[in-house]
Amino acid sequence: MVEQVETTFDYVVVGGGLAGCAVAARLSENPDARVILIEAGDENRYEQSYYSVGVHAMFESEANWAFKTVPQPELNNAEVAHPRGKVIGGSAAINIGSWSRGIAADYDAWEAAGAGGWNGKDALSYYEAIETSKRPDGGGRGRRGPMIFEDTPVVSRMTDLLRRACIEAGYGTTEDHNGAKFDGFDLWETIFPYGRRRNSAEAYLRSARVRKNLTVLTRAMTTRIEIAGNRATGVEIERDGQTGTITASREVLLCAGAFGSPQLLMLSGVGPGDHLRTHGIKTVADLPGVGANLIDHLATRLGWAAGSPEGIAPVYGDPSDPSQLETWRHSGTGLLSANPYTSIAFVRSTDEVDLPDIELLFGINPPESLTVDKTVSGFTTFVAHVTPQSRGTVRLASADPHDPPVIDPGYLTDPNDLPVLIAGVRRALALAATQQLRPYTGRYELNQGATDEEIAAWIRSHPVTMFHPVGTTRMGASDDAYAVLDPELRVRGIDGLRVLDVSAMPGIIRGHTMAPALYIAERGAAVIRTGSRM
Ligand SMILES: Cc1cc2nc3c(=O)[nH]c(=O)nc-3n(C[C@H](O)[C@H](O)[C@H](O)COP(=O)(O)OP(=O)(O)OC[C@H]3O[C@@H](n4cnc5c(N)ncnc54)[C@H](O)[C@@H]3O)c2cc1C
């Protein structure tokens, strides 16, 4: 196992997910830098990962860590499922793949929270370098970056009805929510160009893998960071039932994701001293912020179905249908390439709010809870709170690296969050009441006259995550005791150790979290290579 590869590298990158693939590719552009990328999962050989409707099959596969939260008291003690990718490409190999950057104010808030230099203007310059977008040039979109986007195919007239309904309800539309105007109805721009998933494993790592100075080690679980004195010197790994050590002559770079990165730090003695002691782990650096500040986008789902089968036929991609599979294999088109969740609208929960705080995410079919008749038309709306105040934790269950971490997002523990979600649900109800959509609302889950208490009860009993956990080793200023990283992503108190993934985010963005993961990866790699931001 480890004997098959060299064991000393300049840079040891832990986690071959969305960020890790980009970091390893960027660092290995320097032919003098010896880089190893270590991934717990395997190569991505799953065909269903590459077509849009294969996501649910990926959840059932070995490529999913299949985490879940501890019971959430504010959600009737629900244990919310948190799939995470365990495969080259990471969670971006099992995700929905929509590209949504948030707004400049989200990143300005990072700088205000102590992450000097990480403001909206800088984020935009990185996104222009990361993206290849075909959207109209409304401002600030990249045209030549490694990540190539395409609008998700529109296969149902329901998408247009949802667009018209947004206009009727006063939510408006935008030509590009990643461009000049964030709020209003928009189609999804996705990482499925030509109908085929193209995450950072394809966009960054694939071409880099021919380099002699880059080694990719799959099926290798990092179990601990080796730390001598106050310097990270490498990592301990397990592969094929054996253990070994990979030495880093320059730096260890954690890209193990919002749950994996803090877990590895704590297993290695870097974290809240009192918590480490309860698991018999010797404290190397007492950093109370490790595993704190877990933030996620909580959502709820609402559905409507027509009273009779007439209307707009629902559309279901079915991988077990050989003709659909053949069409996709042949041309990247057909129903397997068409995610039923095609469009979104960022809206303000109330007219008093300055910026959008709610995402409405639209599906073109009714939910199964209303009808299993696949001829009945309808639609589904997820309502997500994109500026939550609730914060949670990631903690160790034990000192055994094989035990999943204890994930407690603390959903709705901040009293400000529930009223925003209730108001967001009212926005979705108002949309369903429009003339455009009313013919498809004969069957419903929540009636138009629902009281705040009834809506709150619905949210508590129908919670879902948008799968956006972030913030668990956040950046911050030097006088902030809970800041784990400095603005150059270095772990405080330990030399030669950085975190370059969504864990570094001081706050969550209004968009989806692939974009900031790649921003942090690109900027972190640039800082390491050049000592400056570009
Ligand atoms: C179901 C789902 C749907 C989503 N939909 C969207 C979407 O539509 N749009 C969007 O923008 N975002 C979406 N996301 C979120 C997005 O995919 C993540 O924010 C992003 O992938 C995070 O990147 P990362 O590099 O920080 O972590 P990851 O991509 O999760 O990568 C972490 C990697 O580290 C590896 N690893 C962990 N621990 C170890 C260890 N001990 N040893 C070795 N390797 C290890 C993991 O196996 C994994 O490959 C979704 C996520 C999920 C799960």
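Structure data summary
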| read-out | value |
| --- | --- |
| Subset of region 435-487 (residues that are of a type in the set (A, V, I, L, M, F, W, C), more than 16 Å from the ligand (Cβ to nearest atom) and not in a loop (DSSP other than H, G, I, E, B)) | Ile455, Ala456, Ala457, Trp458, Ile459 |
| Tabulated pairs, region 5-20, first within 14 Å of Arg498 (Cα to Cα), second surrounded by 24 or more Cβ atoms within 10 Å (Cβ to Cβ) and polar (S, T, N, Q), C-beta under 6 angstrom, 6+ apart or interchain | Val14/Thr222 |
| Per-region count, region 3-26, residues more than 8 Å from the ligand (Cβ to nearest atom), within 14 Å of Ala248 (Cα to Cα) and buried (at least 21 other Cβ atoms within 10 Å of the Cβ) | 5 |
| Residue match in region 230-240 (condition: touching a residue at least 60 places away in the same chain (Cβ under 8 Å) and in a loop (DSSP other than H, G, I, E, B)) | yes |
| Cβ pairs under 7 Å, 6+ apart, first in region 96-109 and β-branched (Val, Ile, Thr), second within 16 Å of the ligand (Cβ to nearest atom) and in a loop (DSSP other than H, G, I, E, B) | Ile96/Asn339; Ile103/Phe182; Ile103/Arg510 |
| Selected residue (only one of Leu446, Leu437, Leu518 is modelled with pLDDT of 95 or more and closer than 23 Å to Val35 by Cβ) | Leu518 |
| Some residue of region 449-462 being in contact (Cβ under 8 Å) with a residue 24 or more places away in the chain, among the hydroxyl-bearing types (Ser, Thr, Tyr) and touching an Asp or Glu at 6+ places or on another chain (Cβ under 8 Å) | no |
| Within region 109-121, tally of residues that are out of contact with any Asp or Glu (no Cβ under 9 Å at 6 or more places or on another chain) and either within 19 Å of Val23 (Cα to Cα) or within 16 Å of the ligand (Cβ to nearest atom) (or both) | 1 |
| Per-region count, region 37-70, residues assigned to a loop (DSSP other than H, G, I, E, B) and under 19 Å from Val470 (Cα atoms) | 4 |
| Which numbered condition Thr300 fails, given (1) in contact with a helix residue (DSSP H, G or I) (Cβ under 6 Å, 6 or more places away or on another chain); (2) in a strand (DSSP E or B); (3) more than 28 Å from Gly85 (Cβ to Cβ) | (3) |
| Within region 218-236, tally of residues that are within 15 Å of Thr7 (Cβ to Cβ) and either more than 9 Å from the ligand (Cβ to nearest atom) or touching a Pro at 6+ places or on another chain (Cβ under 9 Å) (or both) | 5 |
| Among (1) more than 16 Å from the ligand (Cβ to nearest atom); (2) more than 28 Å from Arg391 (Cα to Cα), the one test that Ile130 misses | (1) |
| All positions within region 266-282 that are of a type outside the set (Lys, Arg), more than 11 Å from the ligand (Cβ to nearest atom) and in a helix (DSSP H, G or I) | Met266, Gly273, Asp274, His275, Leu276, Thr278 |
| Test: residue in region 71-84 that is assigned to a strand (DSSP E or B) and either away from the ligand (no atom under 15 Å from the Cβ) or more than 20 Å from the chain's Cα centre (by Cα) (or both) | yes |
| Those residues of region 85-108 which are in a strand (DSSP E or B) and either closer than 24 Å to Pro153 by Cβ or more than 7 Å from the ligand (Cβ to nearest atom) (or both), in sequence order | Gly85, Ser98 |
| Residues of region 488-526 classified as under 21 Å from Thr393 (Cβ atoms), in contact with a Lys or Arg (Cβ under 6 Å, 6 or more places away or on another chain) and within 9 Å of the ligand (Cβ to nearest atom), total | 0 |
| Failed condition for Ile36, given (1) closer than 10 Å to Leu214 by Cα; (2) more than 15 Å from the ligand (Cβ to nearest atom) | (2) |
| Which numbered condition Phe192 fails, given (1) among the aromatic types (Phe, Trp, Tyr); (2) out of contact with any Pro (no Cβ under 8 Å at 6 or more places or on another chain); (3) in the same structural domain as His330 (by TED's automatic domain parsing) | (3) |
| Criterion (modelled with pLDDT of 95 or more and touching a Lys or Arg at 6+ places or on another chain (Cβ under 6 Å)) met by exactly one of Gly273, Gly280, Gly291, Gly334 | Gly291 |
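Per-residue answers, yes or no, for (1) in contact with a Gly (Cβ under 8 Å, 6 or more places away or on another chain); (2) within 20 Å of Ala345 (Cβ to Cβ); (3) β-branched (Val, Ile, Thr):
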| position | (1), (2), (3) |
| --- | --- |
| Ser133 | yes, yes, no |
| Met147 | no, no, no |
| Asp151 | no, yes, no |
| Asp160 | no, yes, no |
| Arg163 | no, yes, no |
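The values are calculated or read from the model by the stated rules, or taken from the named source; none is laboratory data. Owing to the predicted nature of the structure, the values given are computational and were not obtained by experimental measurement. Using ideal geometry, Cβ is built from the backbone for each residue, glycine included, and neighbour counts are taken over all protein chains shown.
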